[in-house]
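Scroll down for the structure; my scribbles are underneath it.
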Amino acid sequence: MTKTLEEKIKLIRSPNRLTARQVIRQLISDFFEVHGDRLLGDDPALTAGIGLFHKQPVTVLGINRGSNIQQRRELNGGAVRVTGYRKALRVVEAAEKFKRPVISLINMPGADASAFSEEHGQSEAIADLILKMGHLSVPNVALFLGEGHSGGALAFSNVNQILMLENALFSVASPEAVQAILKNRNKTQDASEFMPMTAQQLKEIGLVDQIVVESPSNTLMDRIDKAIVNSLNELEKLNGLQLKTQRFKKFENITQI
């Protein structure tokens, strides 16, 4: 049965939702986490590091929201700070230097909106990461575990292939923000009717490459593993220039519903 947007939101914001750290722990061996942006400090909302995926060295960026109130306070609810974007840029630049594919695991409400991040160049840090991800000469793949909104999520998703769990969301703004902007009063409509944001809608317009079915849950990790393997196997056939071209054409050729 197809779920409504409201049902999807409840699922992906549940404290039992699959996390980036769980995926890293189960699929990435010999993981070494990198801390700090070498300028202002560290951002625990972003787990960034190097490990082995099926014996292949990879760079991993995983966004953490937390599963309880205390964790969500510590992790800023997954709203990545300026230090997180600069840390991501640091490890992505190293990934290109050492020819490692980049895997991003996304579940975030958007970028941090604090005065600290804004005063220290948040918009520039996001722009720098978007630019670098778009010009990488190594494969990069993003998997949406939950939701990803605003330019904050875009920074991690300027990639060769986008994968989404079947109930995940990706849009320029959260469903609540979309309805508030449009001042929608019709209870029979939801934000996805105004703007494509579900995995199914985004697959239809060509933005999403693979949708990972979520049930049965006991084999979900196997399906995620297979989806990432398939993406990397397909992309490893391309050289650096072809990867950049494929990435550009992917977004250029997006159609409208």
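The values are calculated or read from the model by the stated rules, or taken from the named source; none is laboratory data. Keep in mind the model is a prediction, meaning the values are calculated, not measured. Glycine also receives a Cβ, built like all others from the backbone with ideal geometry; neighbour counts cover every protein chain displayed. Side chains are part of the model used for accessible areas, which takes the heavy atoms of the whole protein and leaves out ligands, DNA and RNA. Shrake-Rupley method; radii C 1.70, N 1.55, O 1.52, S 1.80 Å.
In this structure, does residue 86 turn out to be out of contact with any helix residue (DSSP H, G or I) (no Cβ under 8 Å at 6 or more places or on another chain), at pLDDT 95 or above and within 21 Å of residue 138 (Cβ to Cβ)?
On the way: out of contact with any helix residue (DSSP H, G or I) (no Cβ under 8 Å at 6 or more places or on another chain): no; at pLDDT 95 or above: yes; within 21 Å of residue 138 (Cβ to Cβ): yes.
So residue 86 fails the test.
Looking at region 209-220, which of its residues are surrounded by fewer than 15 Cβ atoms within 10 Å (Cβ to Cβ) and either under 18 Å from the mean Cα position of the chain (by Cα) or in a helix (DSSP H, G or I) (or both)?
Within region 209-220, 213, 217, 218, 219 qualify.
Inside region 1-98, counting only helices (runs of 4 or more DSSP H) that do not spill past its ends, which hold 2 or more residues that are among the β-branched types (Val, Ile, Thr)?
5-12, 20-27, 82-97
All but one of (1) within 16 Å of the chain's Cα centre (by Cα); (2) buried (at least 22 other Cβ atoms within 10 Å of the Cβ); (3) not in a strand (DSSP E or B) hold for residue 107; state the number of the condition that does not hold.
Here residue 107 meets the rest and fails (3).
Could you give every pair whose Cβ atoms fall below 9 Å, whose first residue belongs to region 70-89 and is farther than 17 Å from residue 123 by Cβ and hydroxyl-bearing (Ser, Thr, Tyr), and whose second residue is modelled with pLDDT under 95 and open to solvent by 10 Å² or more (accessible area, probe 1.4 Å), counting only separations of at least 6 or pairs across chains?
none
Being outside any helix (DSSP H, G or I), open to solvent by less than 10 Å² (accessible area, probe 1.4 Å) and not hydrophobic (A, V, I, L, M, F, W, C) narrows it down to one of 206, 146, so name that one.
146
Scanning for something farther than 17 Å from residue 92 by Cα, touching an Asp or Glu at 6+ places or on another chain (Cβ under 9 Å) and open to solvent by less than 60 Å² (accessible area, probe 1.4 Å), does region 29-42 turn up at least one residue?
Of region 29-42, the ones farther than 17 Å from residue 92 by Cα are 29-30, 40-41.
Now narrow it down to the ones that are touching an Asp or Glu at 6+ places or on another chain (Cβ under 9 Å): none.
Taking every residue of region 29-42 in turn, none turns out to be farther than 17 Å from residue 92 by Cα, touching an Asp or Glu at 6+ places or on another chain (Cβ under 9 Å) and open to solvent by less than 60 Å² (accessible area, probe 1.4 Å).
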